[in-house]
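The next block holds one structure in the form of structure tokens; read it before the comments.
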Amino acid sequence: MAILLGLISSSYSTLISQLTAARLGRDAAVDWMSVAAIPARDWALQAEPSWSAVAIGVAFHQWADFSWALVFFGLLGRWTSRLAPGSIALLALPWAMLTSALEWLFLVPVFPFAQPVFTLQQPYWIGLLVHLSSAIVYPLFYWLRWPSEGAGSDKRNTFLKSWFGGLLIALAAIGIAAFVSPRGFEIPWLGRDKLADQTYMRHMRTHHQQGIELASIAAQRAMDPHLRALARLMAASQAGENRIFESWWQSWFKEPMALCSAAERAEMPGLLTAEQVRGLRQAQPASFDELFVQLMTFHHAGAVAMADKELQGNGDLRLRVMAHAIRHEQQGEIALMEGTSGLPAVRQAIQNMLADNVNSKR
């Protein structure tokens with residue numbers, strides 16, 4: 001029964017993760033690709049997430065969620081298998097916090113996978129939400145273990161019918177939201193500072209466009225193969241975020257998204273000059289990697305400052321959640337370019353979750 005519950009809970013989690021990602025400012029394909037890099041390493045990281053990388057990411061995620069269900073109802077089954085559905089439901093959040101923290105803090109970045117990309121590129125709360133979407137299915141174990149009691153009318157079955165109905169309603173609502181979003185229908189903008197949000201979206205889109213340009217150059221020219229892979233990931237992440245900015249703008253605001261003026265670009269933190277970009281294109285092979293890391297670190301630090309300002313403001317909650325992820329990922333990519341791994345990568349990721357560290361050191 002634990003095996004069947006693991007298959008159901010991991011599949012539900014995959015659907016919720018796929019359908020919810022864009023509502024929180026995440027590109028699902030890029031996130032699956034980052035997960036695929038855990039077992040597949042740099043091969044999985046592409047400027048455009050491939051179907052094979054996405055499939056590996058989904059499969060790895062499902063295997064992980066499946067394994068945690070086996071731990072909960074198998075290894076710990078002596079204590080958990082006879083719990084009432086309501087008690088299992090109460091354990092969903094602490095179980096999700098524990099398992100997602102174990103993955104984010106140790107199992108992925110340190111042992112056994114020793115892959116810092118996941119932890120430095122994705123903030124902890126993404127994994128928490130994914131694990132929670134799996135754990136909330138666990139109360140259904142009661143029906144799977146004792147199917148003959150499912151037709152009864154006791155409190156357990158009444159609770160389970162309501163719980164199961166809630167899971168289906170949530171999946172349907174999220175599915176409908178994902179279906180209508182590409183057609184320009186999002187929950188309306190709900191912030192308190194429209195001009196600040198519009199400025200942030202316009203500026204970050206422009207900033208990302210240059211970031212994609214720089215990363216695309218490095219994806220072709222970097223001598224270090226790991227740096228080439230990181231550059232591909234940077235290009236994919238920023239392109240995905242720009243698509244979300246454009247989709248949200250189309251739905252939230254009536255006017256088209258205006259291009260940034262020359263004056264705005266000149267004041268934008270971390271934006272390189274045309275001469276600097278040209279210098280990177282023309283750099284000699286022996287000096288290219290060092291110059292790219294220097295310029296992209298400066299560029300990322302500017303994006304971190306912009307995201308931190310948005311996060312501290314009064315804008316739409318979705319934009320601020322997205323800004324937190326951008327602040328985390330771009331600081332993490334700086335650490336990855338510097339070769340940070342193991343426990344230092346974990347410490348860096350924790351610090352990146354909490355603050356803008358790259359600019360506070362300047």
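Summary table below
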quantity: Long-range neighbours under 6 Å by Cβ, at least six apart or interchain, first residue farther than 18 Å from residue 215 by Cβ within region 295-312, second outside any helix (DSSP H, G or I) and charged (D, E, K, R); calculated: 308/356
quantity: Helices (runs of 4 or more DSSP H) (entirely within region 280-362) containing at least 2 residues that are of a type outside the set (Val, Ile, Thr) and more than 27 Å from residue 128 (Cα to Cα); calculated: 285-311
quantity: Those residues of region 115-139 which are hydroxyl-bearing (Ser, Thr, Tyr) and within 18 Å of residue 174 (Cα to Cα), in sequence order; calculated: 133, 134
quantity: Members of region 213-241 found to be open to solvent by 20 Å² or more (accessible area, probe 1.4 Å), over 18 Å from residue 28 (Cα atoms), of a type outside the set (Asp, Glu) and not in a loop (DSSP other than H, G, I, E, B), listed by number; calculated: 216, 219, 220, 221, 225, 226, 228
quantity: Count of residues meeting criterion [in a loop (DSSP other than H, G, I, E, B), modelled with pLDDT of 95 or more and open to solvent by 20 Å² or more (accessible area, probe 1.4 Å)] in region 111-148; calculated: 5
quantity: Per-region count, region 262-287, residues within 16 Å of residue 211 (Cα to Cα) and touching a residue at least 40 places away in the same chain (Cβ under 8 Å); calculated: 8
quantity: Region 156-187 - residue that is touching a residue at least 12 places away in the same chain (Cβ under 8 Å) and among the small types (Gly, Ala, Ser) and, of those, nearest to residue 133 (Cα to Cα); calculated: 170
quantity: Number of positions in region 1-35 that are more than 24 Å from residue 45 (Cα to Cα) and of a type outside the set (Gly, Ala, Ser); calculated: 7
quantity: Any hit, region 317-327, residues being buried (at least 22 other Cβ atoms within 10 Å of the Cβ) and among the β-branched types (Val, Ile, Thr); calculated: yes
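The values are calculated or read from the model by the stated rules, or taken from the named source; none is laboratory data. From a predicted model like this one, the values you see are computed outputs, not experimental measurements. When we count neighbours, we look across all protein chains shown, and the Cβ atoms used for this are built from the backbone with ideal geometry, even at glycine. The protein model used for the area step is the full one, side chains on, heavy atoms only, and it has no ligands, DNA or RNA in it. Shrake-Rupley method; radii C 1.70, N 1.55, O 1.52, S 1.80 Å.
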